[in-house]
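Written below as structure tokens is the structure these notes are about.
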Amino acid sequence: MQAFALPAHESTHEAPPDLSLATGHAQFDDDHDALMAASLELRVASDEAFDAGFAALHAHFADHFATEDELMATHDFASRECHLDEHAAVLRSFDEARQLLREGRREPARRMTAEIVNWLPGHIDALDRQLAKFLFHRRTGGAPVLLRR
Ligand SMILES: [Fe+2]
Ligand SMILES: [Fe+2]
């Protein structure tokens, strides 16, 4: 039995983790960079450091998702359902993996941490960018210009 399941489009993002996946929304981008950095760091954490780090990562993702969820609700973002569902699925996976951690099984949480590193860029690319673009358009009437280095 699989202990958790990240949303389905995780495997469709073939590119390696890309920290330059900017959305043009400063708060999203700062959060995404911090979430990716924390996930990468946790992936190689010792067992002693892992459990607290996984709990902190869970809290960080929950905060970030709450910010996006609230913006989608506040601005009545039309295509929010699948975005909300995806956030909820990840948080359920965290809950399940943390329950197993409490039972002494660290491997599912380790596996989930590795999968997050692959899943997050696809989520940003498919859903967060769309939200950032919508919010920018709401604010300015135009589309954000993304500069890449
Ligand atoms: Fe999101
Ligand atoms: Fe996000």
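Rule-based calculations on the coordinates, nothing more; no lab input. What you see is a predicted model, and the numbers here were worked out from it, not measured in a lab. Virtual Cβ from ideal backbone geometry, glycine too; neighbours counted across all protein chains shown.
For the pair the range 71-88 / the range 100-117, the C-alpha centres are spaced 27 Å from each other. Going from the residue with the fewest nearby Cβ atoms within 10 Å to the one with the most, M112, M36 rank M36, M112.
Stretched out straight at 0.36 nm per residue, the stretch from A52 to Q130 would grow longer than its current Cα-Cα span by 24.8 nm.
Label positions at A59 and A78, each projected 7 Å from the Cα along the C-beta direction, are separated by 3.9 nm. Each Lys and Arg adds +1 at its Cβ and each Asp and Glu adds -1 at its Cβ; summed about the Cα centre, the range 51-141 shows a dipole of about 200 debye. Among D76, D33, D85, the ranking by other beta carbons within 10 Å of each residue's beta carbon, starting with the fewest, stands as D76, D85, D33.
Sorted ascending by nearby beta carbons within 10 Å, beginning with the fewest, F136, F61 become F136, F61. Taking label points 7 Å from Cα along the Cα-to-Cβ direction, D33 and D95 give a separation of 3.3 nm.
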